[in-house]
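Input: a single structure, listed below in structure tokens.
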Amino acid sequence: MNVIKLFVTDLDSTLIQGEGIDELARENGKFDEVSVITRDTMEGKLSFDESLRRRCDLLRGLDVSAFERAHARLALTLGAEELISALHAHGIKTAIISGGFGYFAREAQKKLGIDYAYANELEINEGHLTGRVFAPIINGQKKAELLLSLMNQLGVTREQTAAIGDGSNDLLMLKAAGTGIAFCPKPVLAREIPIQIKTPDLREVIKILRL
């Protein structure tokens with residue numbers, strides 16, 4: 001296996017347990033509606049852009065203080081700290097590329113010391129969510145583009161890059177990396193990505209990358 005120099009991870013249901021948007025919806029009394037859309041999206045049944053707009057619209061009027069409460073319910077996935085520590089010990093750059101929200105990505109970035117973080121940003125007006133998300137939406141295509149941009153920025157080859165994710169929105173990103181890892185994958189990803197982790201423990205990545 002080539003020496004890995006860049007490791008990119010999805011956030012929701014990969015680096016953290018659960019989905020940030022679902023927890024925000026819980027604050028707005030819309031959990032059931034949003035979680036059904038989230039599930040269908042990750043299984044590839046809905047266009048990501050369309051579903052994100054629909055889910056964000058259900059968050060309209062939510063006070064920004066809900067972010068902190070939602071975040072408190074989102075734990076890191078087992079092995080996340082050990083994995084990131086092992087990557088950094090080998091001089092490997094790390095990045096979050098998420099179709100979720102910037103608040104949660106930045107919190108994980110700070111906690112784990114991750115080098116880069118990219119995620120969608122929600123529009124806020126007078127301390128409340130408007131129900132809109134800023135363009136460009138980080139969808140599956142954009143995730144792959146961000147990975148390639150980061151590779152170019154760092155002078156890293158495809159073979160020196162690894163990426164991990166769980167849902168259909170991660171497919172292009174994982175295929176763009178030299179080593180794509182499907183983490184407890186949804187069916188769409190399981191059919192396409194041969195390297196898979198079936199147990200929710202990120203320490204398995206350490207073995208795969210031989211760190």
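The values are calculated or read from the model by the stated rules, or taken from the named source; none is laboratory data. The structure displayed is predicted, hence computed values, not measured ones. Don't worry about glycine lacking a Cβ; one is built from the backbone with ideal geometry, like all the others, and counts go over all protein chains shown.
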- Message: So, residue 79, is that one farther than 19 Å from residue 150 by Cβ and touching a Leu at 6+ places or on another chain (Cβ under 6 Å) or not?
- Response: yes
- Task: Report yes if residue 39 is surrounded by fewer than 19 Cβ atoms within 10 Å (Cβ to Cβ) and in contact (Cβ under 8 Å) with a residue 12 or more places away in the chain, otherwise no.
- Result: no
- Query: Could you say whether any residue in the stretch 120-139 is in a strand (DSSP E or B), closer than 19 Å to residue 88 by Cα and touching a residue at least 24 places away in the same chain (Cβ under 8 Å)?
  - Reply: no
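Can you tell me which residue is farthest from residue 10 (Cα to Cα) among those in the stretch 42-59 that are out of contact with any Pro (no Cβ under 7 Å at 6 or more places or on another chain), charged (D, E, K, R) and surrounded by 14 or more Cβ atoms within 10 Å (Cβ to Cβ)?
So the first thing to find is which residues in the stretch 42-59 are out of contact with any Pro (no Cβ under 7 Å at 6 or more places or on another chain), and the list is 42, 44-59.
If we keep only those that are charged (D, E, K, R) too, we end up with 45, 49-50, 53-55, 57.
Next, from what is left, pick out any that are surrounded by 14 or more Cβ atoms within 10 Å (Cβ to Cβ): 49, 53-55, 57.
Working: 49: 17, 53: 20, 54: 21, 55: 19, 57: 23 Å.
The selected residue is 57.
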- Hey, can you tell me all the residues within the stretch 99-114 that are touching a helix residue (DSSP H, G or I) at 6+ places or on another chain (Cβ under 8 Å) and either under 16 Å from residue 6 (Cα atoms) or among the aromatic types (Phe, Trp, Tyr) (or both)? 101, 103, 104, 112, 113, 114
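Quick grid of which residues meet (1) modelled with pLDDT under 95; (2) out of contact with any Ser or Thr (no Cβ under 9 Å at 6 or more places or on another chain):
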site: 2; (1), (2): yes, no
site: 9; (1), (2): no, no
site: 12; (1), (2): no, no
site: 17; (1), (2): no, no
site: 21; (1), (2): yes, no
site: 31; (1), (2): yes, yes
site: 38; (1), (2): yes, no
site: 43; (1), (2): yes, no
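I need the helices (runs of 4 or more DSSP H) fully contained in the stretch 45-106, keeping only those with at least 3 residues that are within 19 Å of the chain's Cα centre (by Cα) and charged (D, E, K, R). I'd like the intermediate steps shown before the answer.
On the way: elements: 48-57, 66-72, 80-89.
Once the helices (runs of 4 or more DSSP H) in the stretch 45-106 are filtered for at least 3 residues that are within 19 Å of the chain's Cα centre (by Cα) and charged (D, E, K, R), what remains is 48-57.
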- Among the residues of the stretch 182-211, write down those that are over 26 Å from residue 37 (Cβ atoms) and outside any helix (DSSP H, G or I). 194, 195, 199, 201, 202, 210, 211
- Message: Anything in the stretch 161-204 that is surrounded by fewer than 20 Cβ atoms within 10 Å (Cβ to Cβ) and out of contact with any helix residue (DSSP H, G or I) (no Cβ under 8 Å at 6 or more places or on another chain)? List them, or say none.
- Response: 184, 187, 190, 191, 194, 198, 199, 200, 201, 204
- Note on the structure: Flagged in the stretch 26-55 as over 27 Å from residue 81 (Cα atoms) and hydrophobic (A, V, I, L, M, F, W, C), in numbering order, are 31, 34, 36, 37, 46, 48, 52
